Amino acid sequence: MRVKAIVAAGLMLAAVAAQADTKWDLPTGYPASNLHTENLQQMANDVDKATGGKLKIVLHPNGSLLKANEIKRGVQTGQVQMGEILMSLLANENPVFGVDAVPFLATSYADAYKLWQASRPVTEKVLDKQGMKLLYAVAWPPQGIYANKPINSAADMKGLKWRAYNPATSRIAELVSAQPVTIQAADLAQALATGTVNSFMSSGATGVDTKVWESVKYFYTVDAWLPKNMLVVSKKAFAALDKPTQEALLKAVADAEKRGWQVSEQKTKEYLATLSRNGMTVQPPSPQLKADMQKVGKVMVDDWAKGAGEDGKAILDAYRK
Ligand code: PCA
């Protein structure tokens, strides 16, 4: 009798365990209202719905669980199951990750998307070797120059206290003789407010996220590149899901990738309008500034191609086809 009861209790526990919801943590480096974060939240909601609550993905925005530069390691070491990462942040590890931050290689959404299609297979391969599965990538709006004074040429950038967010933006500072300091978006408002930095390159999105007009007054729409955030999952965590849940996740991320690119492009103008509305001067770069930045871009494309070797050549060939 007692044995039977114990066996029954054991079976019940096993049944409960099999049904228990899986909870995943998803750290991101950007605030909840950011376009990428909103897109991720919708993806998480879609997965929740499609799996009847079996897979719950909990977002941790703005570096609240892991800082932007810690997220990849967090996924690799199994501390979290998923993570959103600024791809070009990893360019020192492998130049393939930095192709979307090479100035003037792809400056429109159409070209950025084409570049992504050209670089996706290699990117997937590199991540796979590191125990991660690439789920999607979505572009940020085009990158321009923010500064606390008018900038009409590269000479005007000399000596600026320049906030960098990846190796490419540090390199730009070197090439124009500005002083680079690496600061991730979550700490940017503070760094501007305290005068640690007075200039940087980024999108209108990050300008709005950080209410940049409280510190800087000029934005030049250089449209130099469109960097991407990518969503990755630990292969181990993914393999532990049952087949229908895996399929629901893959469907939700495919939808999110499509939606993300559309929303990013749609919002580009709105962000610039918000900067203007808050008193900023928003304008295209002067011909001199544009020419100077293109010179910087030329040096960087050549450096990139050299550093990225065969993989890089394959990406550029596919992109230019
Ligand atoms: N915003 C992020 C990365 C690119 C962008 O547009 C940032 O400034 O950190």
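The values are calculated or read from the model by the stated rules, or taken from the named source; none is laboratory data. On a predicted model such as this, the values are computed, not experimentally measured, just so you know. Neighbour counts are summed over all protein chains in view; Cβ atoms, including those assigned to glycine, are modelled from backbone coordinates with ideal geometry. The protein model used for the area step is the full one, side chains on, heavy atoms only, and it has no ligands, DNA or RNA in it. Shrake-Rupley method; radii C 1.70, N 1.55, O 1.52, S 1.80 Å.
Take Ala32 and Gln262, extend 7 Å from each Cα along the Cα→Cβ direction, and tell me the distance between the two endpoints in nm.
2.6 nm
Report the number of Lys pairs in region 277-321 whose alpha-carbons are under 21 Å apart, with separation of 8 or more residues or on distinct chains.
Total qualifying Lys-Lys pairs in region 277-321 comes to 7.
So what is the relative contact order for region 112-257, in percent, with contacts set as C-alpha pairs under 8 Å and at least six apart?
38 percent
Test of understanding: extend the Cα→C-beta vector of Asp255 to 7 Å, then name every residue of region 45-77 with backbone N under 16 Å from that spot.
It comes to 45-57, nothing else.
With Kirkwood's inverse mean 1/r over C-alpha pairs for Rh, give me the Rg to Rh ratio of the chain, two decimals please.
1.05
Helix-only mean residue ellipticity at 222 nm, the chain, DSSP H runs n ≥ 4 weighted -39,500 (n - 2.57), per residue, nearest 500. What is it?
Helix contribution divided over all residues of the chain: -16000 deg cm²/dmol.
Provide the gained length on full extension for the span Ser177 to Glu270, in nm with one decimal, where the gain is 0.36 nm per separating residue minus the Cα-Cα distance.
Values: separation 93, 0.36 × 93 = 33.48 nm, distance 3.22 nm.
That works out to 30.3 nm of additional length.
Identify which of Phe219, Phe238, Phe200 has the largest mean-square fluctuation in a Gaussian network model of the chain, with springs joining Cα atoms closer than 10 Å.
With Cα springs under 10 Å in the chain, the top fluctuation among Phe219, Phe238, Phe200 is at Phe238.
Taking R0 as 35 Å, what's the FRET efficiency between Asp242 and Lys114 from their Cβ-Cβ distance, rounded to 0.05? Working shown, then result.
Numbers: r = 36 Å, r/R0 = 1.02.
Efficiency for this residue pair is about 0.45.
Could you tell me which trypsin sites (Lys or Arg not before Pro) in region 247-313 are loop residues by DSSP with no more than 14 other beta carbons within 10 angstrom of their beta carbon?
Numbers: sites: Lys251, Lys258, Arg259, Lys267, Lys269, Arg277, Lys290, Lys295, Lys298, Lys306, Lys313; in loops: none.
Passing both the DSSP loop test and the Cβ count: no residue.
Could you provide, to the nearest whole Å², the per residue accessible area of the chain with probe 1.4 Å?
The answer is 45 Å² per residue.
Span-like helices, the chain: DSSP H, alpha-carbon axial extent 24 Å or more, mean Kyte-Doolittle -1.0 or greater, which ones?
The answer, listed by residue number, is 2-19, 109-129, 243-277, 287-320.
Do you know the relative contact order of the chain, to the nearest whole percent, from alpha carbon pairs under 8 angstrom that are 6+ apart?
Numbers: 568 pairs, mean separation 78.7, N = 321.
Answer for the chain is 25 percent.
Take the Cα of Thr281, step 7 Å along the line toward its Cβ, and report every residue of region 194-236 whose backbone nitrogen sits under 12 Å from that point.
Flagged as within label range: 217-220.
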